[in-house]
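Derivation of every value follows stated rules applied to the coordinates shown; laboratory data play no part. Remember, predicted model here, so these are calculated numbers, not experimental data. All Cβ positions, even for glycine, are placed from backbone atoms using ideal geometry, and neighbour counts span all protein chains on display.
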Amino acid sequence: MPKAIVVLAEGFEEIEAVTVLDVLRRAGVTVTAAALSGQAVRGAHDIVVHADVTLDAVDGMDFDALVLPGGQPGSTHLQRDPHVLSLVRRFVSASKLTAAICAAPTVLESAGVLSGRRATCYPGYELPSARYEESAVVEDGCIVTSRGAGTAFDFSLALVRRLCGASLAQTTAEKLLVASA
């Protein structure tokens, strides 16, 4: 089974993080929630999620996918963390699935991996090196980006499709009563 790591920083967007964790696990992906520091991470709306591990306790490259939820100030914390930026660069260099939603595509921008690539993010954030699109989910090579909380199911199901195939993504969508994968 594929393995994914979802990195949580204080102030993450809860819907984006929990939807990804839940949908990927329903599809059979082994998912690890990794916190930047401490295992209890408070989201942007004061919901506390207990991470499985801290990011420093795992070798991020042992995973098939890296997922960065958005939210503020969570995305800013991710963007300022040298370990996260290095991990993003290493994932993209290895052509491993690298995904970010909402404000988190700015982390990919800061890591320097969006140059000339198609990408999207929450309205009002800028990705100057990317070819910006206003689609719910944008896929360009190993990079998947999405716009925000309202696109979290589409984003999660795109990750299931990439990691597990279209058939399992469609079955997962149907079980969740989501229109399509």
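Between residue 134 and residue 1, the FRET efficiency from the beta-carbon distance, with R0 = 35 Å, is close to 0.55.
Gain on full extension, evaluated as 0.36 nm per residue between residue 167 and residue 37 minus their Cα-Cα distance, stands at 43.1 nm. Dividing the helix sum by the residues of the chain, where each DSSP H run of 4 or more adds -39500 (n - 2.57), gives a mean residue ellipticity at 222 nm of -10000 deg cm²/dmol.
Residues 109, 174 in ascending order of nearby Cβ atoms (within 10 Å, fewest first): 174, 109.
Please work out whether the stretch 50-111 counts as rounded, prolate or oblate from its C-alpha gyration tensor, where a ≥ b ≥ c are the square roots of the eigenvalues and a/c under 1.5 means rounded, while otherwise a/b larger than b/c means prolate and anything else oblate? It is oblate, given that a/c is not under 1.5 and a/b is not larger than b/c.
Considering only alpha-carbon pairs that sit under 8 angstrom and 6 or more positions apart, the relative contact order computed for the stretch 72-121 is 39 percent. Among 138, 107, the order by Cβ neighbours within 10 angstrom, fewest to most, reads 138, 107. A cut-off under 15 angstrom between Cβ atoms defines the neighbours of residue 92, and their net charge, with Lys, Arg +1 and Asp, Glu -1, is +2. Go ahead and run the numbers for FRET between residue 50 and residue 177, Cβ-Cβ distance against an R0 of 45 Å, rounding to 0.05. In this case the efficiency is close to 0.95. Please say if the chain is rounded, prolate or oblate, where rounded means a/c under 1.5 for a ≥ b ≥ c the square roots of the C-alpha gyration tensor eigenvalues, and otherwise the choice is prolate for a/b larger than b/c and oblate otherwise? Taking the square roots of the gyration eigenvalues as a ≥ b ≥ c, the chain is rounded. Each of 135, 169, 179 was scored by the projection of its Cα onto the charge dipole of the stretch 124-181, and the greatest displacement toward the positive side belongs to 169; charges sit on the C-beta of Lys, Arg, Asp and Glu. Between the stretch 1-35 and the stretch 42-57, the alpha-carbon centres lie 11 Å apart. Using θ = phi - 60° in the Karplus curve 6.51 cos²θ - 1.76 cosθ + 1.60, the 3J(HN,Hα) couplings for the stretch 15-28 round to 4, 5, 5, 5, 4, 4, 4, 5, 5, 4, 5, 4, 7, x Hz; x is entered for Gly and Pro.
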